[in-house]
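Chemist: Okay, handing you the structure first.
Laboratory data are not the source of any read-out in this text; all were calculated from the coordinates shown. Every value quoted in this text rests on a predicted model; they were computed, and no experiment measured them. Neighbour counts are summed over all protein chains in view; Cβ atoms, including those assigned to glycine, are modelled from backbone coordinates with ideal geometry.
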Amino acid sequence: MENEQILQQFDEIERKVEKLIAAKNTLEAANAELRSENQRLNDELRGKIEAEKSYHEERNLIRSKIDNLLFKLEEMAEST
C-alpha cells in the first residue's frame, strides 16, 4: 500500500512538473511576441522621430527663405 501511495505522489509531481513546463513554454512564447512588438514599436518610433526631424528642418529652411525674401523686399523698398 505504501508503494502505491509513493507512486501516486510521483504521478502528481510529474503532472505538476508538466504543467509548469507548459506554463513556461506559454510564457516564453508570449515573451517572444512582446519582444517582437516592442521592436516593431521602437522601429516605428524611430521612423516618426526622423520624420519629425525632417519636418522641422524643412520648416526652418522655408522660414529662412521667407526671411531672406522679406529682407530683399525691404531693401528694394528702401532703395526706391
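Chemist: Any residue that is outside any helix (DSSP H, G or I) and either of a type outside the set (D, E) or in contact (Cβ under 8 Å) with a residue 40 or more places away in the chain (or both) - is there at least one of those in the stretch 11-30?
Modeler: No, the stretch 11-30 contains no residue that is outside any helix (DSSP H, G or I) and either of a type outside the set (D, E) or in contact (Cβ under 8 Å) with a residue 40 or more places away in the chain (or both).
Chemist: Which condition from (1) of a type in the set (S, T, N, Q); (2) more than 19 Å from the chain's Cα centre (by Cα); (3) surrounded by 10 or more Cβ atoms within 10 Å (Cβ to Cβ) is the one that N42 breaks?
Modeler: Status for N42: all satisfied but (2).
Chemist: Which ones in the stretch 52-80 are among the small types (G, A, S) and surrounded by 10 or more Cβ atoms within 10 Å (Cβ to Cβ)?
Modeler: First, the residues of the stretch 52-80 that are among the small types (G, A, S): 54, 64, 77, 79.
Within the stretch 52-80, S54, S64 qualify.
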